[in-house]
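The values are calculated or read from the model by the stated rules, or taken from the named source; none is laboratory data. This one's a predicted model, so the numbers in the text were calculated from it and none came from an experiment. Every residue, glycine among them, receives a Cβ derived from its backbone with ideal geometry; neighbour counts consider all protein chains shown. Heads up: the accessible areas ignore ligands, DNA and RNA and are worked out on the full protein's heavy atoms, side chains in. Shrake-Rupley method; radii C 1.70, N 1.55, O 1.52, S 1.80 Å.
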Amino acid sequence: MLCLHVLCCCWASCDAVCAAGYEQCQGKLLRLLERLVYLREVTADYTYYGIASPWLQAKVLRTLQYFPSPEGTAAQRQLHDVLVAIFNSCAETGKSSTVNKTNAQHAILFEAISLILALDCSKDLLASSVTTLGRFLSVKEPNIRYLALENLTRLALVPEVLESITPHQGTILGNLKDPDVSIRRRALDLLFTMCDGGSAVEVVEELVKYLTVADFGMREELVLKICILAEKFAPNVQWYVDVVLALLERAGDFCNDDIWHRVVQLITNNEGSQAYAASQVVEVLGRGASHEALMCMAAYVIGEYGRLIKVKPGSA
């Protein structure tokens with residue numbers, strides 16, 4: 001049976017012409033999944049830690065991802081109920097469960113979440129996915145956290161569930177400090193994807209702080225993501241100037257010329273920010289920053305708008 005579903009998966013993943021004629025397999029796969037999840041119609045030889053043939057369940061869920069959403073209310077309800085049962089079963093898996101049982105349950109769960117995303121299922125299933133994955137962000141097992149971050153990044157692209165991911169922002173930021181670089185990268189991708197106007201200031205400021213301790217291999221990508229978010233969601237020009245100056249001061253080697261060109265353009269076109277920008281540049285230079293990109297920006301800003309700086313009483 002497992003070999004048959006592997007073959008079916010290969011057929012379904014082919015182009016539309018090759019896959020034509022296999023549409024009826026979808027209903028049979030749904031019925032098989034229902035029998036495994038609800039009725040557990042397998043012999044003891046195919047029961048793994050109380051789970052009916054988990055490898056076959058995962059393979060059926062993977063195969064269903066290559067089909068369109070089921071037609072008809074009955075089929076849609078059938079799929080919905082099976083997916084709900086999978087979530088409920090995973091929620092019942094307690095701390096006393098063995099590692100083998102937990103791994104099997106997670107294999108089924110992550111395939112179910114992938115199916116929900118592939119078929120654009122109902123909001124309650126999307127919400128259940130976010131809730132379940134949110135719990136996984138704090139587990140000790142790195143593989144589970146990696147998969148949780150990866151799937152939450154995919155879910156963050158769905159506008160309807162983005163708001164429900166935001167409460168997990170603190171935990172996601174915490175994963176930036178994980179010893180595993182792959183988890184740190186997935187956390188960065190998720191923060192970038194889920195960032196919106198309401199969270200941009202906090203996320204960008206946290207990423208700027210993280211920049212000083214981030215791996216050198218991540219800094220170029222990190223700088224680029226910070227620049228994109230800062231420009232896209234900047235509440236005002238002054239804040240954007242502060243962010244770019246922080247990047248040039250802390251990671252000038254990873255900032256290309258386009259970054260300071262862009263901020264100079266914004267300063268030039270916003271008269272009200274020119275005096276502020278000039279004073280901030282002087283302040284940064286006073287702390288000893290001297291990267292070439294910063295010097296280029298400082299030469300222009302101070303040369304053009306240095307006259308606008310108000311000299312404080314008693315200062316040199």
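Report whether or not Tyr66 is over 24 Å from Ser128 (Cα atoms), out of contact with any strand residue (DSSP E or B) (no Cβ under 7 Å at 6 or more places or on another chain) and open to solvent by 60 Å² or more (accessible area, probe 1.4 Å). The answer is no for Tyr66.
Counting only residues that are assigned to a helix (DSSP H, G or I), of a type outside the set (Val, Ile, Thr) and open to solvent by 40 Å² or more (accessible area, probe 1.4 Å), how many does the stretch 286-310 have?
Restricting attention to the stretch 286-310, the residues satisfying the condition of being assigned to a helix (DSSP H, G or I) are 286, 292-308.
Keeping just the survivors that are of a type outside the set (Val, Ile, Thr) gives 286, 292-300, 303-308.
Those left that are additionally open to solvent by 40 Å² or more (accessible area, probe 1.4 Å): 286, 292, 295-296, 299-300, 303-304, 307-308.
Total meeting the criteria: 10.
For the stretch 208-240, taking the residues that are among the hydroxyl-bearing types (Ser, Thr, Tyr) and part of a helix (DSSP H, G or I), the one that is farthest from Gln280 (Cα to Cα) is identified as Tyr210.
Assess whether Thr73 counts as being of a type in the set (Val, Ile, Thr) and under 27 Å from the mean Cα position of the chain (by Cα). I'd like the intermediate steps shown before the answer.
On the way: of a type in the set (Val, Ile, Thr): yes; under 27 Å from the mean Cα position of the chain (by Cα): no.
Answer is no for this residue.
When the stretch 38-78 is filtered for residues that are touching a Cys at 6+ places or on another chain (Cβ under 9 Å) and of a type in the set (Gly, Ala, Ser), only Ser69 remains. Filtering the stretch 241-285 to residues that are surrounded by 23 or more Cβ atoms within 10 Å (Cβ to Cβ) and not in a helix (DSSP H, G or I) leaves only Cys255. Can you tell me which residue is most open to solvent (accessible area, probe 1.4 Å) among those in the stretch 156-196 that are part of a loop (DSSP other than H, G, I, E, B) and within 25 Å of Ser128 (Cα to Cα)? Checking each candidate, the answer is Leu157. Within the option set Glu141, Glu111, Glu71, being among the acidic types (Asp, Glu) and in contact (Cβ under 8 Å) with a residue 40 or more places away in the chain holds for one residue only, Glu111. Once the stretch 26-51 is narrowed to residues that are among the β-branched types (Val, Ile, Thr) and not in a helix (DSSP H, G or I), the residue that is farthest from Phe110 (Cα to Cα) is Thr43. Restricting attention to the stretch 32-47, which residues are in contact (Cβ under 8 Å) with a residue 40 or more places away in the chain and surrounded by fewer than 18 Cβ atoms within 10 Å (Cβ to Cβ)? Glu34, Tyr38 - these are the residues of the stretch 32-47 that are in contact (Cβ under 8 Å) with a residue 40 or more places away in the chain and surrounded by fewer than 18 Cβ atoms within 10 Å (Cβ to Cβ). Selection of first residues in the stretch 281-302 that are touching a residue at least 24 places away in the same chain (Cβ under 8 Å) and of second residues that are among the acidic types (Asp, Glu) and open to solvent by 50 Å² or more (accessible area, probe 1.4 Å), restricted to Cβ pairs under 8 Å at least 6 apart or on distinct chains, gives the following pairs, ordered by first then second residue: Val284/Glu249; Arg287/Glu249; Ala289/Glu249; His291/Glu249; His291/Asp253; Ala293/Asp257; Leu294/Glu249; Cys296/Asp257. With respect to Ile144, determine if the residue is of a type in the set (A, V, I, L, M, F, W, C), at pLDDT 90 or above and surrounded by 21 or more Cβ atoms within 10 Å (Cβ to Cβ). No, not satisfied.
Based on what the data block shows, is Gln57 over 18 Å from Val82 (Cβ atoms) and either modelled with pLDDT under 90 or surrounded by 13 or more Cβ atoms within 10 Å (Cβ to Cβ) (or both)? Outline the logic, then answer.
Values: over 18 Å from Val82 (Cβ atoms): no; either modelled with pLDDT under 90 or surrounded by 13 or more Cβ atoms within 10 Å (Cβ to Cβ) (or both): yes.
Taking the combined requirement at face value, the residue does not satisfy it.
Taking the stretch 248-304, which residues are β-branched (Val, Ile, Thr) and farther than 28 Å from Val213 by Cα?
Within the stretch 248-304, the subset β-branched (Val, Ile, Thr) is 259, 263-264, 267-268, 281-282, 284, 301-302.
Those that are β-branched (Val, Ile, Thr) and farther than 28 Å from Val213 by Cα: Ile267, Thr268, Val301, Ile302.
Taking every residue in the stretch 196-224 that is in contact (Cβ under 8 Å) with a residue 24 or more places away in the chain and pairing it with any residue that is among the hydrophobic types (A, V, I, L, M, F, W, C) and open to solvent by 50 Å² or more (accessible area, probe 1.4 Å), at least 6 positions away or on another chain, the pairs with Cβ-Cβ distances below 6 Å are Arg219/Phe254; Glu220/Phe254; Val223/Phe254.
Looking only at residues in the stretch 200-216 that are within 14 Å of Ile172 (Cα to Cα) and touching a helix residue (DSSP H, G or I) at 6+ places or on another chain (Cβ under 6 Å), the one that is most open to solvent (accessible area, probe 1.4 Å) is Glu206.
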